[in-house]
Amino acid sequence: MTGRLTIVGIGPGSPELLTLLAAAELAAATDLVGYGPYLDRVPERDGQRRHPSNNREELDRAREALDLAVQGRKVAVVSSGDPGVFAMASAVFESIATGSPSWKGVDVSIVPGVSAMLAAAARIGAPLGHDFCVISLSDNLKPWNVVLNRLEAAAEADFVIVLYNPASLARPWQLGEALVLIGRHREKSTPVIFAHSVAQTDERIDFTTLGDADPATADMRTLVIVGSSATKMVEQSGGKSFIYTPRRVEVAAS
Ligand SMILES: C[S@@+](CC[C@H](N)C(=O)[O-])C[C@H]1O[C@@H](n2cnc3c(N)ncnc32)[C@H](O)[C@@H]1O
């Protein structure tokens, strides 16, 4: 009697950025499994069971969801943004790969969501209009040296760089070190965006530059976008400004 497990991306915050498919899957589930604050964003339904957990228990949460599915429940694992971007989808597949053989029979599907970087980019223009890379600054699940090596390679290759998990109370210094490293490869005038709580009621977007960026303004609800050498600001009449990265790369004639 194996049920279903759907890993649902609920977007960055506001209900308008929840897809129709995500809403339908959340409504159809008998059980919702997820980090407590994400479950709080899902409207209550009669008869539906909720299984909240804290932020540090991804694999435990995945195993609990798989066990419920094996019992015949229709389970939705709720993930912020997109479930495949630094989120629950990997934890579910890692559990299936390494855990109980019964989990291999569970019917699993994934519903994509609007990742925070896409919502942030849309607020400020088109910073991701050309090649970019996305790096998590969290060293909870990988050594800091690996982060530094990846940052170095990305900075040297002139990618626009999106930084997820830039800071938390337990990780206050990593963003400062990352910005210093990137600054060895980029002009001080390179645009930098701090996007806080995008698509939530306390959203704040700060435009700054690599020379002026203050890492202390980031927390665990912030993502940071560092422009490439081609990223520019354009001002419109009325004082509104946008950041964009052109689609074309200009190569100097030799
Ligand atoms: C574990 S990752 C989850 C990412 C998520 N799966 C996504 O696709 O957006 C958590 C990090 O995502 C970023 N993040 C998530 N939601 C955000 C939001 N609404 N505004 C700004 N950053 C956000 C922050 O960097 C945060 O520390």
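Observations on the model:
- Checking each residue in segment 115-138 for being within 13 Å of the ligand (Cβ to nearest atom) and either more than 24 Å from Ser80 (Cα to Cα) or part of a loop (DSSP other than H, G, I, E, B) (or both) picks out Ser115, Leu137, Ser138.
- Members of segment 138-197 found to be more than 30 Å from Arg247 (Cβ to Cβ) and polar (S, T, N, Q), listed by number: Ser138, Asn140, Asn145, Ser168, Gln174
- Residue in segment 211-243 that is farthest from Glu177 (Cα to Cα), counting only those that are out of contact with any helix residue (DSSP H, G or I) (no Cβ under 9 Å at 6 or more places or on another chain), small (Gly, Ala, Ser) and at pLDDT 95 or above: Ala230
- Pairs where the first residue, in segment 103-123, is over 15 Å from Gly3 (Cα atoms) and of a type in the set (S, T, N, Q) and the second is near the ligand (Cβ under 10 Å from one of its atoms) and part of a strand (DSSP E or B), C-beta under 8 Å, 6+ apart: Ser115/Gly9; Ser115/Gly81
- Of all residues in segment 209-242, those satisfying the criterion of being within 16 Å of the ligand (Cβ to nearest atom) and part of a strand (DSSP E or B) are Thr222, Leu223, Val224, Ile225, Val226.
- Any hit, segment 182-192, residues being assigned to a strand (DSSP E or B), within 11 Å of the ligand (Cβ to nearest atom) and under 16 Å from Met117 (Cα atoms): no
The values are calculated or read from the model by the stated rules, or taken from the named source; none is laboratory data. Since the structure is predicted, the reported quantities are computational estimates derived from the model, not experimental observations. We place every Cβ from the backbone using ideal geometry, glycine too, and count neighbours over all the protein chains shown.
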